[in-house]
Amino acid sequence: MNSSVRPESLGGGAGQPAAMSASLYRSTKTYDHNEGLSCCFRQWKSASHCHLIHGYALAFRFVFAARALDESNWCMDFGGLRNVRAWLHEVFDHTVLIAADDPFRQEFERLDKLGLLALRVLPTVGCEAIAQHTYEHVNKMIDVETNGRVWVESVEVREHSGNSAIYQAHA
């Protein structure tokens, strides 16, 4: 390909693949364990000790993808991620996560009303489920922020250096 020809000039646009181009740009953003996203969760269906409330300083790694760069020649403008960071803090900073079907949900809600915890109810809980939930929410945010030019390719959630889960929507 001629270096003066940009991928978007070959078709596609608005996050859609270019008909003649297989070009794909990726960039990553990491919110590491020192970001302060310390939360507790309970996997009530677990047969192990994970059915107990336990916590981690979670870390998140996002992979963004685009068929075309923006005017600044970036895949994802990291300055445009302020809302993502704010959402991560709202959901995962000093919070307790439980599944919507947790049999003790009313007790957790009572403790939340008493101001003893900041409850977040998710469809399901666990590292894989948190990666999926985060992917779904942040991908919508990025779609709006970039007018469909960029999408989230995957989200990795790390509990600590030894455990992580990655969610990627099917291609």
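Can you tell me which residue within region 121-140, out of those that are over 10 Å from the mean Cα position of the chain (by Cα) and either touching a residue at least 60 places away in the same chain (Cβ under 8 Å) or more than 28 Å from HIS49 (Cβ to Cβ) (or both), is surrounded by the most Cβ atoms within 10 Å (Cβ to Cβ)? Quick ask: steps written out before the conclusion?
As a first pass, look at region 121-140 and keep what is over 10 Å from the mean Cα position of the chain (by Cα): 121-129, 140.
So of that shortlist, the ones also either touching a residue at least 60 places away in the same chain (Cβ under 8 Å) or more than 28 Å from HIS49 (Cβ to Cβ) (or both) come out as 125-126, 140.
Details: VAL125: 25, GLY126: 20, LYS140: 11.
Top of the filtered list is VAL125.
Pairs meeting the criteria (first residue in region 157-171 and in a strand (DSSP E or B), second residue modelled with pLDDT under 95 and surrounded by fewer than 16 Cβ atoms within 10 Å (Cβ to Cβ), beta carbons under 7 Å, at least 6 apart or on different chains) are lacking.
In region 57-70, is there at least one residue being under 21 Å from the mean Cα position of the chain (by Cα), modelled with pLDDT of 95 or more and over 30 Å from GLU159 (Cβ atoms)? Yes, the conditions are met somewhere in region 57-70. When restricted to residues that are part of a loop (DSSP other than H, G, I, E, B) and either surrounded by 14 or more Cβ atoms within 10 Å (Cβ to Cβ) or among the β-branched types (Val, Ile, Thr) (or both), region 87-117 contains 3. No other residue among SER9, SER46, SER23, SER3 is among the polar types (S, T, N, Q), within 27 Å of SER161 (Cβ to Cβ) and either modelled with pLDDT under 95 or under 24 Å from the mean Cα position of the chain (by Cα) (or both) apart from SER46.
Can you give me the number of residues within region 118-156 that are part of a helix (DSSP H, G or I) and of a type in the set (Lys, Arg)?
Residues of region 118-156 part of a helix (DSSP H, G or I): 127-145.
Now restrict to residues that are of a type in the set (Lys, Arg): 140.
Here the count works out to 1.
The values are calculated or read from the model by the stated rules, or taken from the named source; none is laboratory data. Nothing here was measured: the structure is a model prediction, and the numbers come from that model. Note that each Cβ is placed from the backbone with ideal geometry, even for glycine, and that neighbours are counted across all protein chains shown.
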